[in-house]
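Worksheet for the structure shown next.
The numbers here are math on the coordinates, done by the rules we state, and not lab data. Note that the structure is predicted; figures quoted are calculated from it, not measured. Neighbour counts are summed over all protein chains in view; Cβ atoms, including those assigned to glycine, are modelled from backbone coordinates with ideal geometry.
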Amino acid sequence: MNKKRIPVAGPWITQREVRYVTDAVTSNWYGNASDYIQRFEMSFATMTNRTFAVSLPSCTAAIHLALSGLGVGPGDEVILPDVTWIASAAPVSYVGATPVFVDIDAQTWCISPCSLEAALTKNTKAVIAVDLYGNMPHFQEILEIAAEHSLPVIEDAAEAVGSSFMGQVAGSFGTTSVFSFHGSKTLTTGEGGMLVTDDEQLFERVLVLRDHGRAPGDKMFFNAEVGFKYKMSSMQAALGLAQLERLDELVARKREIFTWYRERLDGRVQLNTEPPRGLNSYWMVTAVVPESGGLRTENLMSGLEAEGIDSRPFFHPLSSLPAYREIVSAARARQQNVISYSVSPRGINLPSALSLTEDDVDRVASVLLKMLEAV
Ligand SMILES: *Cc1c(COP(=O)(O)O)cnc(C)c1O
């Protein structure tokens with residue numbers, strides 16, 4: 001028994017990435033310092049059908065700047081799905097506003113438009129919709145509700161580069177969309193993020209906020225206000241550009257991995273859904289097991305672990321975390337978000353690294369099926 005460990009996530013790096021990064025570290029200094037940054041931003045704006053793109057050190061920074069740039073602050077409420085990575089929500093606290101966690105949809109696992117509508121108050125200042133695990137929320141309804149109440153929508157597309165909904169690509173919904181290029185994501189720069197928008201005012205504001213309150217092009221180091229320092233390096237941008245040029249290939253591989261799983265698990269567990277007239281780029285193949293068997297996320301994870309297989313738990317409802325114990329709206333969320341609290345404890349992210357082989361998927365699926373049959 002000397003089985004190789006199966007990782008849960010990881011990138012696909014080729015000679016193109018090595019070449020671009022080598023070029024950046026060799027020559028992107030002095031007058032050329034921002035060459036790859038500009039190319040990466042322009043290509044990313046084009047890919048998402050947006051006018052403006054700003055490269056950043058993380059998606060967390062992008063959400064922070066989006067909220068700051070939209071003027072969200074103390075006393076304001078920001079509505080977001082209860083089930084997502086905490087990075088979607090933490091920046092709400094950074095700006096002194098209150099997160100309001102609403103329920104997810106049972107099929108898409110993304111924010112439920114009905115729950116969103118029911119949570120609106122006179123203090124609501126923005127909505128964050130998350131494209132969870134490559135799935136897409138019901139954007140038509142969400143954007144309609146937001147428009148009726150003149151609310152900006154931030155699309156957290158960190159997990160959905162390459163997905164689309166009703167013929168529109170992830171990153172093109174709402175006032176602004178944000179991405180992550182963390183090492184676990186489909187397109188990676190090691191650490192990194194991007195904010196895209198068509199709103200020129202927001203774009204200009206973000207440029208000032210991300211560079212210590214300096215106007216773009218300022219050569220006098222003259223700070224108009226206290227801002228943040230959120231910038232990407234040219235080496236990261238070079239890596240990102242190479243990955244972006246290979247996006248179709250990266251997404252095709254993710255979709256192939258999902259197909260291998262679907263062929264083995266369909267009907268036994270609930271898997272990621274394909275959006276209407278759209279495409280799922282399946283960042284993480286995610287399985288939710290039936291209520292009846294009594295299996296829970298911890299059982300599934302330890303069963304896989306015993307066979308040398310890494311996995312991750314479905315995100316916990318944020319309202320259940322110690323981090324949000326003191327938030328009044330979290331107490332209400334714990335009562336009301338029935339789907340979140342039903343799905344999350346039965347869900348697991350299966351290995352979805354871009355290096356995965358069909359034999360790996362075979363191994364994972366047979367362990368999982370054995371556990372399902374044993375109950
Ligand atoms: C990964 C992720 C983020 C945060 O990205 P960082 O680049 O690590 O800051 C935000 N939202 C979601 C949904 C994510 O999966």
Scoring only Lys, Arg, Asp and Glu (+1, +1, -1, -1) among other residues with Cβ under 11 Å from the Cβ of residue 313 yields +2
So if each residue of separation counts as 0.36 nm, and I subtract the Cα-Cα distance between residue 168 and residue 16, what length gain in nm does that give?
51.9 nm
Quick one: 3J(HN,Hα) in Hz for the stretch 37-45, Karplus 6.51/-1.76/1.60 with θ = phi - 60°, rounded, Gly and Pro as x.
4, 5, 5, 5, 5, 5, 5, 5, 4
In the chain, if the dipole is taken from +1 on Lys/Arg beta carbons and -1 on Asp/Glu beta carbons about the Cα centre, which of 193, 70, 177 is farthest to the positive end?
193
Cβ under 13 Å from residue 35's Cβ, residue 35 left aside: what net charge do those residues give with Lys, Arg +1 and Asp, Glu -1?
-1
In deg cm²/dmol, rounded to 500, what helix-only [θ] at 222 nm does the chain give when every DSSP H run of at least 4 residues adds -39500 (n - 2.57) and the total is split over its residues?
-11500 deg cm²/dmol
Enumerate the amide H contacts of residue 124 below 5 Å, restricted to partners 5 or more residues apart or on another chain; note that Pro and chain-start residues carry no placed amide H.
77
Can you work out ³J(HN,Hα) from phi for every residue in the stretch 255-270, in order, using Karplus 6.51 cos²θ - 1.76 cosθ + 1.60 and θ = phi - 60°, giving whole Hz and x for Gly and Pro?
6, 5, 4, 4, 4, 4, 5, 4, 4, 9, 10, 3, x, 8, 9, 8
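Please arrange 320, 342 by how many other C-beta atoms lie within 10 Å of their C-beta, fewest to most.
Values: 320 20, 342 15.
With the fewest neighbours first, 320, 342 line up as 342, 320.
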How are the C-alpha pair distances of the stretch 1-129 spread across 10 Å bins, as whole percents from the shortest bin up?
11, 26, 28, 21, 13, 2, 0
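What per residue convex hull volume, in Å³, do the alpha-carbon atoms of the stretch 272-340 yield?
154
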Taking the beta-carbon count within 10 Å as an exposure proxy, list 359, 211 from fewest neighbours to most.
359, 211
Can you list the residues, at least 5 places off or on another chain, whose amide H is less than 5 Å from the amide H of residue 102, using H built in the peptide plane?
80, 82
Considering amide H positions built from the backbone, and no H for Pro or chain starts, which residues 5 or more places from residue 213, or on another chain, come under 5 Å of its amide H?
227, 228
Just to confirm a number: summing +1 for Lys and Arg and -1 for Asp and Glu over residues other than residue 149 whose beta-carbon lies under 14 angstrom from that of residue 149, what do you get?
-4
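Expressed as a fraction of 2.2 N^0.38 Å, the rule-of-thumb size for a compact globular protein of N residues, what is the C-alpha radius of gyration of the chain? Intermediate results must be reported in sequence, preceding the final value.
Details: Rg = 20.8 Å, N = 375, 2.2 N^0.38 = 20.9 Å.
Against the empirical 2.2 N^0.38 Å value, I get 0.99 for the chain.
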For the stretch 29-35, take each phi angle, set θ = phi - 60°, evaluate the Karplus expression 6.51 cos²θ - 1.76 cosθ + 1.60, and give the result in whole Hz per residue in order, putting x for glycine and proline.
9, 6, x, 9, 3, 10, 3
In Å, what is the Rg of the alpha-carbon atoms in the stretch 247-364, and how long is Dmax?
16.0, 48
The number of Lys pairs in the chain whose alpha carbons lie under 25 Å apart, excluding pairs fewer than 8 residues apart on one chain, is 12
